[in-house]
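See below for the structure under consideration.
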Amino acid sequence: MKKSLILLSLTSLLLSFSAVEARENLTELYRHNGAIIYTLNIRNFGAVDNDNDGIINEKKGDKKGTFVNAKEKLAQLKNDGINTIYLLPITKVGKLKALGNAGSLYAMNSFNELNPEFDDLTNKLSLYQEAKAFVDEAHNLDMNVIVDLPSCGAYDFSLSKPALFMFDSKNESKIPADWTDVRLFKVYLEDNKTLNPEVLDGFKSFMDLMLELGFD
C-alpha cells in the first residue's frame, strides 16, 4: 500500500507541474504560498435545487451541475481572488455498491472517460468540448485549473478489468478501509518490484486526457 501511495503521489505531482507555461507559473505559486485555491465539485457547483431538499430532480425543474453552468460562475471566483481551481474527480464513476444513487466521485470507472453526468444535453457540444471550454475560460480569467486523481477504482471497474485490481484469498477485490464501492489497484505484479503495466498505462491515459483538455 505504501508503494501504491508513493506512485500515485508522484503521478499527481507530474500532472500538477507538467504544464510549464501555466498561468503565473503554478509551481512558483505553490513554492511561495501564493496559490489561492478553490475546491470545486462540478456535480453541485452550478446545480440548482429549487426546493432545497438536497436532491437534484430534473423532473421538478432542478438543474444538475455541468461543465457549462460551472463555467458561467468562474468570473465570480475570479472576483473573489481565486487564482487556482481544484476540481474534484471528473472521470466516469461506478454505481455498483454505491451508498447513494449518484455514485462516489472517487469510484473511478474509467481512466480516460469523463463523467457523462456533467454533460449539458441542451447544446450540441460534446462533453469533451464542454470540459475544454471550462478550462479555457478559467485560463482566460488567469486562473489555473488542477484536477483530483482518484487513487482507486470502482467495484464496477474491478469486474470489467480485473487485471487492474488486487484480490484476496477468496477472490474478492480488496476494499480500502470501509469503502463499499471502491477497490484497490494492483500497482505491482507478483514480484512486488515490477509495476503493473495495465495500471501504469491507465494512469498515463488519464494524464494524456487531462493535458489534452488543458489542465495545469
>> Output wanted: per-residue J couplings in Hz (rounded whole) for segment 140-151, from phi through Karplus 6.51 cos²θ - 1.76 cosθ + 1.60, θ = phi - 60°, x for Gly and Pro.
In response: 4, 8, 6, 10, 7, 10, 10, 9, 6, 10, x, 9
> How much accessible surface area, in Å² rounded to 10, belongs to the heavy atoms of I175 with a 1.4 Å probe?
Replying inline: 80
>> Report for segment 46-188 the percent antiparallel among DSSP-assigned beta bridges with both residues inside it, nearest 5.
In response: 60
> Amide H of F165: which non-local residues (sequence gap of 5 or more, or other chain) have their own amide H closer than 5 Å, using H built in the peptide plane?
Replying inline: K186
>> Please compute the per residue accessible area over segment 58-194 with all protein chains in place, 1.4 Å probe, rounded to a whole number of Å².
In response: 52
>> Between segment 27-42 and segment 67-106, how far is it from one alpha carbon centroid to the other, in angstrom?
In response: 16
> Which pairs break 27 Å Cα to Cα here: K63/K186; K78/K204; K97/K193; K95/K161; K63/K204; K97/K186?
Replying inline: K63/K186; K78/K204; K97/K193; K63/K204
> For segment 93-216, what are the per-bin percents of Cα-Cα distances with bins 5 Å wide, up to the bin holding the maximum?
Replying inline: 2, 11, 17, 19, 17, 14, 10, 6, 3, 1, 0
> In nm, what is the difference between 0.36 nm times the number of residues separating T180 and I36 and their Cα-Cα distance?
Replying inline: 48.5 nm
> Largest first, what is the accessible-area ranking of R43, R183 with a 1.4 Å probe?
Replying inline: R43, R183
> Quick one: length gained pulling H139 to D80 fully straight, 0.36 nm per residue minus the C-alpha distance?
Replying inline: 19.7 nm
> Under 5 Å between amide H atoms, partner at least 5 residues away or on a different chain: which partners does V147 have, H built in plane at 1.01 Å?
Replying inline: L87
>> Using the basic label-point model (7 angstrom from Cα toward the beta carbon), what is the L189 to E28 distance in nanometres?
In response: 4.4
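Compute the FRET efficiency between T122 and K170 as 1/(1 + (r/R0)^6), taking r as their Cβ-Cβ distance and R0 = 30 Å, and round to the nearest 0.05. Don't jump to the answer; show the numbers that get you there.
Details: r = 47 Å, r/R0 = 1.56.
The value I calculate is 0.05.
The values are calculated or read from the model by the stated rules, or taken from the named source; none is laboratory data. Because the structure is a prediction, the values reported are computed rather than measured. In this analysis, Cβ positions are derived from the backbone assuming ideal geometry, glycine residues included, and neighbour counts consider all displayed protein chains. Protein only, heavy atoms only, side chains kept; ligands, DNA and RNA dropped before computing areas. Shrake-Rupley method; radii C 1.70, N 1.55, O 1.52, S 1.80 Å.
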